[in-house]
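**Q** The structure follows.
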Amino acid sequence: MVKIAILGTGNVGKALFGGIKNGSNEVKFGSRDPSKSKAPEGAEVVTMKEAVQWAEVIIFAVPHHSTSETINSIGGDNFNDKIAIDVTNALNEKWELAMGFDTSAAEEMQKLIPGAKVVKAFNYVFAENMSNGKVGEGSLTLFVASDDGRAKEVVMKIGNEIGFESVDAGPLKSARYLEPLGMLLIGLGMNQKLGTKIGFKLLK
Ligand SMILES: NC(=O)c1ccc[n+]([C@@H]2O[C@H](COP(=O)([O-])OP(=O)(O)OC[C@H]3O[C@@H](n4cnc5c(N)ncnc54)[C@H](OP(=O)(O)O)[C@@H]3O)[C@@H](O)[C@H]2O)c1
């Protein structure tokens, strides 16, 4: 059993909570203000710092622009030796990708918490499909990127338990390719009007 903290009680946080709580792992929310959070009824909600201190795996389900403020409010040392999953999409105010090619949100997160094992995953999946990892009957591919092999194994297992088909996507640097995939998904869903019941699958 893995102790998983989800930072942020928004769309992604709630969807991943739904997927994880049906499996064998323990899950809690970390919120800026637990008394005002939008967490689902029955969920345990504590402060972000308490959640991180308790957890072995921490999911950043917060806006990209608030990553550093979130880390600063918790204290970067509290992430030492823990797995941190970066679900964020680095969008600017025009909803365009704010970085790419020579770095990624995940690599920048790793610099902010050097003692943690940062993993990129889930960012190119619509929240609506995150609670079971499926569109219709088909399992979506969960690409998982990290420089730490064991952290990748743990996150791939969490993904498989939700219902995804996890695939090792190589080092954290692969986040440079997974983050534009998030933009492609948003474009297909919103601009091309395919809606949110879509997702990516690797055929082998
Ligand atoms: N929505 C999607 O389909 C989707 C898909 C893939 C990836 N993502 C990425 O996942 C992350 C979360 O997306 P979301 O759709 O869940 O967003 P959201 O509904 O706006 O929720 C974000 C949550 O983050 C917390 N938070 C911490 N600092 C914040 C701040 N400065 N301003 C606002 N909220 C703050 C809040 O929870 P508390 O009030 O409890 O602290 C808030 O509910 C984003 O980086 C997004 O790019 C989203």
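**Q** For the chain, what is the accessible area per residue in Å² when the probe is 1.4 Å?
**A** Per-residue accessible area for the chain comes out at 48 Å².
**Q** Now a separate question. I'd like the Karplus ³J(HN,Hα) series for the stretch 180-194: coefficients 6.51, -1.76, 1.60, θ = phi - 60°, whole numbers in Hz, and an x wherever there's a Gly or Pro.
**A** x, 4, x, 5, 4, 4, 4, x, 5, x, 8, 6, 8, 6, 7
**Q** By DSSP, what percent of the beta bridges with both residues in the stretch 3-191 are antiparallel, rounded to the nearest 5?
**A** Antiparallel: roughly 15 percent of the beta bridges in the stretch 3-191.
**Q** Could you pull out every residue, at least 5 positions away or on a different chain, whose amide H is within less than 5 Å of the one on Ile6? Hs are placed 1.01 Å off N in the peptide plane, and Pro or chain starts have none.
**A** The list, which skips near neighbours in sequence, is Lys28, Phe29, Gly30, Ile59.
**Q** Separate question: Please state the Cα pair-distance histogram of the stretch 121-204 with 5 angstrom bins from zero: what percent is in each bin?
**A** 3, 16, 26, 25, 19, 8, 3, 1
**Q** Which whole-number percent gives the relative contact order of the stretch 132-204, counting Cα pairs below 8 Å spaced six or more residues apart?
**A** Relative contact order of the stretch 132-204: 35 percent.
**Q** Can you pick out the pairs among Lys49/Lys94; Lys21/Lys152; Lys94/Lys193 whose Cα atoms lie more than 27 Å from each other?
**A** Exceeds cut-off: Lys49/Lys94.
**Q** According to the Kirkwood expression over distinct Cα-Cα pairs, how big is the hydrodynamic radius of the chain, in Å?
**A** It works out to 16.7 Å.
**Q** Quick one: work out the % antiparallel among DSSP beta bridges in the stretch 4-108, nearest 5. Could you put the intermediate results ahead of the total?
**A** On the way: 1 of 16 bridges.
Bridges in the stretch 4-108 are about 5 percent antiparallel.
**Q** Same structure again: May I ask for the equivalent-ellipsoid semi-axes of the stretch 97-170, computed as the square root of five times each C-alpha gyration tensor eigenvalue and listed largest first in whole Å?
**A** In descending order, the three semi-axes are 23, 15, 9 Å.
**Q** Between rounded, prolate and oblate, where does the stretch 11-56 land on the alpha carbon gyration tensor, with a ≥ b ≥ c its root eigenvalues, rounded for a/c under 1.5, else prolate if a/b exceeds b/c? The partial results should precede the final answer.
**A** On the way: a/c = 2.01, a/b = 1.20, b/c = 1.68.
It comes out oblate by the Cα gyration axes.
**Q** Run the accessible area of the stretch 3-191 with a 1.4 Å probe and give the carbon-and-sulfur part as a rounded percent. Intermediate results must be reported in sequence, preceding the final value.
**A** Details: 4180 of 8500 Å².
Result for the stretch 3-191: 49 percent of the exposed heavy-atom area is carbon or sulfur.
The values are calculated or read from the model by the stated rules, or taken from the named source; none is laboratory data. Since we're looking at a predicted model, the values are computed, not measured. The protein model used for the area step is the full one, side chains on, heavy atoms only, and it has no ligands, DNA or RNA in it. Shrake-Rupley method; radii C 1.70, N 1.55, O 1.52, S 1.80 Å.
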